[in-house]
Amino acid sequence: MQKILLIPDCHFPYVDTSAFNCMLNAARSIKPDTVIILGDFFDFFAISQHRKDPWRKLDLASEIASGNGGLKQIEALGAKRKIFVEGNHEERLQRFLADAGSDVIRALGPSGLIKANTLPEVLNLKQRGWEWVPYRKHLKVGKLYVTHDVGKAGANAHVDAESVFQGNCVIGHTHRIATAVKGNLKGKGHVSAMLGWLGSFDDIDYMHRARAARDWAHGFGIAYMDEATEHVFLNVVNIVNNRCVVDGKIFTDKTDTKRKVKKNAA
C-alpha cells in the first residue's frame, strides 16, 4: 500500500505552528510515499486585492521565505512524489506578477526582488522535484481526484465536487472537515472529503472569529493506495488541542522533543 499525505490550507506565514508540527510529527512516523499540498499553502496577504488590516506587516519577501521554510520541512519527509496543487491564494502572486509585466519585480518588502514570472519559478519547484497543478485544474492519483476547489465553498463543497468529478475526490479551500459517500445502483460508492486547515485562528481578518471557530477545524488526511487496483482508502485526521491519533499512536506538536528528552535521559 502506498501512503499518501494530504495537506490542506496552511496560509503561511499565518500557519498554526502547533497544528502544523503535529501533522509533521505524524507524517514522520508513517513515512509517506506521496505528499500532496491541496492549495493555499501560502497566504500572500501583502498583495491581496482585498481590503487589508492596516496593523499587519506587508512584506511579500518574508511571506515567501516563511512558506518556503514550511516546504523544506515537508521535503524532509523524504516522499518519492511531491505534488503542489495551486489554490486561490497562490493565484494572487500569479496575477501580481502578470499585472506587473516584468520578469524583475520590486515586490513589497526591503528584500523583495523577484526574478521570475510564476510561483513555481520563484520557488524552483521543478528543480526540487515538485509537480505543479495550476489553480482550477486537478490531478488524479490512483482513483482519487485532488483539487483546491471546484468553485464552491461552504458545508457541502465536497459533495458538489463529487457531483462534478463523478468519482472519489478531496478538496481544500473550505477549512472545514467533512466526508460523504454516495453510491449508485451499480454498487459503486464514491467518497468526497474536506480535510480542514492548518492555519491560525488568531490571524483571521476576513471572517468573524466566532464563526470561524464554529465551522473550521484543524486536520489533514492520510490515504493508502492499493497499487494493484489503485483504490485509495482515505483517513481524515482530526487535530484536537494540538493532538492527533494515527495508526493508534498519539502525536502532538512536541512529539519529537519528548523523544529527544527521553533519549538523552537514558
What FRET efficiency would be calculated for the residue pair Glu230, Asn88, taking the C-beta separation as r and a Förster radius of 22 Å, to the nearest 0.05?
0.15
GNM of the chain, Cα pairs under 10 angstrom: of Thr174, Thr147, Thr229, the biggest fluctuation goes to Thr229
Please go through the residue pairs Lys143/Lys249; Lys72/Lys152; Lys80/Lys188; Lys31/Lys82 and name each one whose alpha carbons sit more than 21 Å apart in this structure.
Lys143/Lys249; Lys72/Lys152; Lys80/Lys188
About the Cα centre, charge dipole magnitude for the chain (Lys/Arg +1, Asp/Glu -1 at Cβ), debye:
720
Contour excess over end-to-end distance, with Cα ends at Gln73 and Arg128 and 0.36 nm allotted per residue
18.5 nm
Positive-end residue, the chain charge dipole about Cα centroid, Cβ charges, pick of Val232, Ala98, Ala210:
Val232
Between Ala212 and Ala180, what is the FRET efficiency for a Förster distance of 22 Å, r being their Cβ-Cβ separation, to the nearest 0.05?
0.50
For the stretch 124-254, just say rounded, prolate or oblate: build the C-alpha gyration tensor, square-root its eigenvalues into a ≥ b ≥ c, call rounded for a/c under 1.5, and beyond that prolate if a/b exceeds b/c, oblate if not.
rounded
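What 222 nm value per residue comes from the helices of the chain, counting each DSSP H run with n ≥ 4 as -39,500 (n - 2.57) and dividing by all residues, nearest 500 deg cm²/dmol?
-8500 deg cm²/dmol
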Nitroxide proxy distance, nm - points 7 Å out along Cα→Cβ at Asp247 and Ala61
4.2
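Each reported figure results from applying straightforward, stated rules to the coordinates on display, with no laboratory input. Keep in mind the model is a prediction, meaning the values are calculated, not measured. Note that each Cβ is placed from the backbone with ideal geometry, even for glycine, and that neighbours are counted across all protein chains shown.
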